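Single-structure report; data block below.
The values are calculated or read from the model by the stated rules, or taken from the named source; none is laboratory data. Since this is a predicted model, take the numbers as computed values, not measurements. Please note: Cβ atoms are built from the backbone with ideal geometry, for glycine as well, and neighbour counts cover all protein chains shown.
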Amino acid sequence: MFKKLQLCLLLTAAVNMLPVNAAELVLAQNKTAAAVIVTPENCGKVVEFAARELKQFLDEATGADFRIVKAAEDGENAIVLGDCSAAQKAGIEVKTLKRDGFRLLRQGNRIFIAGRDDKNYDLDAFVKMQKVPPHNGRGWFNHASKPEYATLFGVYDFLERTAGVRFYYPGKLGTYVPKLDKLSVDKLDVINEPAMIFRFTMGLGDRSHGKYRVWRMADYPEIGVSREDSNYYSLRCRQSTLYVPQNHAEGMLRWHKRFWEKPENRRAELFALKADGSRYAESQHKFSLCYSNEAVVRQMAEDACVFFAGLPATKMKNAPWNAKWVEDRAQGDYFSIQPNDFYGSGCMCSKCTALANKNFSSGQNADLPGEFVANPAEYSKVMWDYYRNVAEAVGKKYPGKYLTTLAYGKWRLPYENMTELPDNLLVGVTTIPNGSSNDHPAMKIIFNEIAKWSKLTDSGIWLWHYQINRPQYDGIPQPRLWAAGRFYNELAQYKLVGIFMETEITHGFQHHLDIYLNCRLMWDPAADADSMIKEYARNMYGEAANEVLKLLHIFEDCYLKGIVRKEAAGISGAAYRDVVDWPEGRWPGEGMKGLRREVYNDAVIDEIIKLSKQAKSKAAADSVEGQRLKLFTGRMVGELLKKLNINREY
């Protein structure tokens with residue numbers, strides 16, 4: 001009976017009329033398309049854009065010419081895109097999916113790819129950096145939440161899952177598209193939703209302009225990556241459509257101009273009292289407040305309520321004519337109440353002083369030469385009571401709206417016996433990607449802090465993730481690849497709203513794999529980074545994969561075990577430093593010569609050059625693998641040797 005049923009199904013498949021998914025569905029074979037791409041009537045601009053992306057890479061992978069049609073014949077194999085009546089009849093309900101989530105489903109001779117989309121959103125305008133809302137010509141590095149286009153994310157997942165396509169860095173060389181004689185799909189029913197709703201990475205492509213080259217990924221234009229390539233990459237790596245504003249907000253609120261500059265509006269009591277009796281109110285971005293003052297709480301809550309009421313910033317009390325809301329501080333359902341980036345010595349008023357924690361002395365730490373170590377809980381009672389009070393005041397008037405802030409500087413830690421925070425206060429923790437809690441004393445401290453804050457909120461926490469290189473080391477590869485895998489795998493146990501990854505690097509190519517991995521791990525923190533790294537080496541460099549992997553291991557080991565300090569980091573301003581001294585601080589009197597002697601010694605350099613030469617010998621120079629190896633060795637090995645003043649062939 002079972003054999004008869006199998007035969008029946010095979011015969012049915014032969015005429016492309018599959019009532020069940022018992023046999024493979026052929027999409028292309030021998031450079032001939034066996035399916036069409038369907039963009040149903042009134043599907044919208046997002047689906048039309050997604051269809052072109054799907055066609056581009058299916059054509060490239062198979063050598064076929066996939067047609068895009070409005071409807072498919074009953075007996076025709078088809079990939080149907082978007083939330084349409086056919087997808088709904090197949091059982092796909094996009095309204096039940098999380099933001100950016102999608103479903104891939106095969107039913108008979110149909111494959112459905114659907115997620116929540118804004119039909120009118122013009123992704124072509126986004127890619128081409130046209131000055132239309134909500135991106136206003138800024139491409140991938142804008143801070144505006146965008147309308148949803150989850151069907152497009154589903155298309156990229158389908159390409160990766162079924163055709164083996166990978167998007168490692170912007171541009172053609174960074175895109176891996178395998179050549180397939182046959183492309184088919186067997187069973188397929190996947191609901192894929194991001195673990196984090198907010199996933200933003202600063203470093204996706206060139207940010208350089210004018211004279212600015214340090215920390216601006218200035219090498220991307222040099223290797224032929226355009227802004228348009230970078231915009232496409234931000235889509236293909238599935239950067240979130242939601243942006244959660246979280247940054248130093250007090251400058252945006254113009255308190256210095258509103259409550260200090262004009263004598264008739266001056267409210268000196270709102271500003272932090274200095275030890276000499278004056279107030280810290282120097283300029284728009286150089287002021288601090290007396291956070292224990294109830295008047296500060298009331299005024300901050302009033303400012304937030306003006307925003308949540310949908311009013312312009314000019315409606316704030318005493319607001320100047322040019323006051324405006326800034327996207328990375330206030331948009332949608334979110335309003336940042338993070339202070340300016342300097343709280344100095346805090347407020348010296350009697351109330352703030354009484355609340356300050358003096359159990360830890362700020363000053364020099366003998367274990368960290370030259371590093372000023374600040375008390376991570378000195379102002380925790382002051383600041384977290386302030387945040388709590390503002391959140392409670394705003395929550396009464398605007399339930400469902402959120403205030404954002406960071407555990408930062410001298411209030412990184414919860415204070416003793418601190419109780420659970422209001423649900424409308426989203427707490428961020430600053431982190432560095434140097435592995436798990438077992439890798440480094442600083443990482444143990446960071447994960448302990450994540451655990452503590454996670455217990456104080458039911459709303460989840462978000463991370464401000466520093467991937468910043470000291471400019472003094474520009475040219476020295478500083479990857480955190482396997483370390484990132486360990487970092488995210490340990491994070492997977494916590495409820496995370498999202499991650500803002502501050503990628504301040506000069507040599508963008510040296511960090512392309514870091515960025516790729518972080519984007520994948522933000523979507524799924526439990527993913528296997530080691531497998532992804534090995535796959536990258538095989539896909540991009542073919543026979544030279546082992547040499548590339550060995551080079552990446554050397555670079556990561558030299559960074560984490562050589563450049564990074566072994567001691568736990570102190571706190572200086574924003575967060576735990578990336579436990580990296582500038583060369584003159586690390587090796588007094590030697591600087592980069594100390595790095596050369598201690599980390600990149602002759603034996604290490606010899607091994608790097610040997611592996612580089614072996615890698616290049618395994619691919620023809622004019623092959624795509626050869627071109628990628630030339631770029632990899634030039635930007636990784638060549639820049640290293642140049643920085644160390646080593647004149648040798650590699």
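So how many residues does segment 350-398 have that are modelled with pLDDT of 75 or more and outside any loop (DSSP other than H, G, I, E, B)?
Final tally of qualifying residues: 24.
For residues that are in contact (Cβ under 8 Å) with a residue 24 or more places away in the chain and on the phi > 0 side of the Ramachandran plot, tally how many sit in segment 88-100.
1
What number of residues within segment 622-650 are within 19 Å of Gly171 (Cβ to Cβ) and not in a helix (DSSP H, G or I)?
The number of residues fulfilling the criteria is 2.
Identify all residues within segment 415-431 that are in contact with a helix residue (DSSP H, G or I) (Cβ under 7 Å, 6 or more places away or on another chain), part of a loop (DSSP other than H, G, I, E, B) and under 21 Å from Gly498 (Cβ atoms); write none if there are none.
Leu421, Pro422, Asn424, listed by residue number.
Among the residues of segment 449-461, is there at least one that is within 22 Å of Leu204 (Cβ to Cβ) and under 16 Å from the mean Cα position of the chain (by Cα)?
The answer is no; no qualifying residue exists.
When you go through (1) in contact with a helix residue (DSSP H, G or I) (Cβ under 7 Å, 6 or more places away or on another chain); (2) not assigned by TED's automatic domain parsing to the domain that holds Cys352 one by one for Pro221, which number turns out not to apply?
The failed condition is (1).
Please verify whether segment 204-221 includes one or more residues that are in a strand (DSSP E or B) and of a type in the set (A, V, I, L, M, F, W, C).
No; the residues of segment 204-221 include none that is in a strand (DSSP E or B) and of a type in the set (A, V, I, L, M, F, W, C).
Residue by residue through segment 397-410, note down the ones that are crowded, with 19+ Cβ neighbours inside 10 Å and either touching a His at 6+ places or on another chain (Cβ under 7 Å) or closer than 25 Å to Thr201 by Cα (or both).
Answer for segment 397-410, where residues must be crowded, with 19+ Cβ neighbours inside 10 Å and either touching a His at 6+ places or on another chain (Cβ under 7 Å) or closer than 25 Å to Thr201 by Cα (or both): Tyr402, Leu403, Thr404, Thr405, Leu406, Ala407, Tyr408, Gly409.
Among the residues of segment 434-443, is any of a type in the set (Ser, Thr, Tyr), closer than 21 Å to Lys381 by Cα and part of a loop (DSSP other than H, G, I, E, B)?
no
I need the full set of residues from segment 81-93 which are surrounded by 20 or more Cβ atoms within 10 Å (Cβ to Cβ) and under 30 Å from the mean Cα position of the chain (by Cα), in order please.
Matches in segment 81-93: Leu81, Gly82, Asp83, Ile92.
Condition first: surrounded by fewer than 17 Cβ atoms within 10 Å (Cβ to Cβ) and touching a residue at least 40 places away in the same chain (Cβ under 8 Å). Now tell me which residues in segment 632-643 satisfy that.
Of everything in segment 632-643, just one residue is surrounded by fewer than 17 Cβ atoms within 10 Å (Cβ to Cβ) and touching a residue at least 40 places away in the same chain (Cβ under 8 Å), namely Lys642.
Condition check ((1) of a type in the set (Lys, Arg); (2) surrounded by fewer than 22 Cβ atoms within 10 Å (Cβ to Cβ)) across all residues:
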{"site": "Ser288", "(1), (2)": "no, no"}
{"site": "Asn293", "(1), (2)": "no, yes"}
{"site": "Asp303", "(1), (2)": "no, no"}
{"site": "Phe307", "(1), (2)": "no, no"}
{"site": "Gly310", "(1), (2)": "no, yes"}
{"site": "Ala313", "(1), (2)": "no, yes"}
{"site": "Asn322", "(1), (2)": "no, yes"}
{"site": "Val326", "(1), (2)": "no, yes"}
{"site": "Arg329", "(1), (2)": "yes, no"}
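Identify, please: which residue in segment 574-592 is part of a helix (DSSP H, G or I) and in contact with a Leu (Cβ under 9 Å, 6 or more places away or on another chain) and is, among those, modelled with the lowest pLDDT?
So the residue we want is Arg586.
Restricting attention to segment 38-68, report how many residues are surrounded by fewer than 22 Cβ atoms within 10 Å (Cβ to Cβ) and of a type in the set (Gly, Ala, Ser).
4
Please state which of the following conditions Thr419 fails to meet, knowing it meets all the rest: (1) in contact with a Cys (Cβ under 7 Å, 6 or more places away or on another chain); (2) surrounded by fewer than 21 Cβ atoms within 10 Å (Cβ to Cβ).
So the condition that Thr419 fails would be (1).
Within segment 135-147, identify whether any single residue is hydrophobic (A, V, I, L, M, F, W, C) and more than 18 Å from the chain's Cα centre (by Cα), and answer yes or no.
no
Within segment 167-183, is even one residue among the acidic types (Asp, Glu) and at pLDDT 95 or above?
yes
Quick check, is Leu629 crowded, with 20+ Cβ neighbours inside 10 Å, touching a residue at least 40 places away in the same chain (Cβ under 8 Å) and over 17 Å from Gln510 (Cα atoms)?
No, not satisfied.
Return the residue satisfying two criteria in turn: it lies in segment 221-251 and is buried (at least 22 other Cβ atoms within 10 Å of the Cβ) and under 30 Å from Phe287 (Cβ atoms), and of such residues it is farthest from the chain's Cα centre (by Cα).
Glu250
Is it the case that Leu204 is farther than 18 Å from Glu502 by Cα, touching a residue at least 12 places away in the same chain (Cβ under 8 Å) and crowded, with 24+ Cβ neighbours inside 10 Å?
Spelling it out, it is not the case that Leu204 is farther than 18 Å from Glu502 by Cα, touching a residue at least 12 places away in the same chain (Cβ under 8 Å) and crowded, with 24+ Cβ neighbours inside 10 Å.
Looking only at segment 101-132, how many residues end up being out of contact with any strand residue (DSSP E or B) (no Cβ under 7 Å at 6 or more places or on another chain), free of Cβ contacts under 8 Å to residues at least 60 places away in the same chain and crowded, with 19+ Cβ neighbours inside 10 Å?
1
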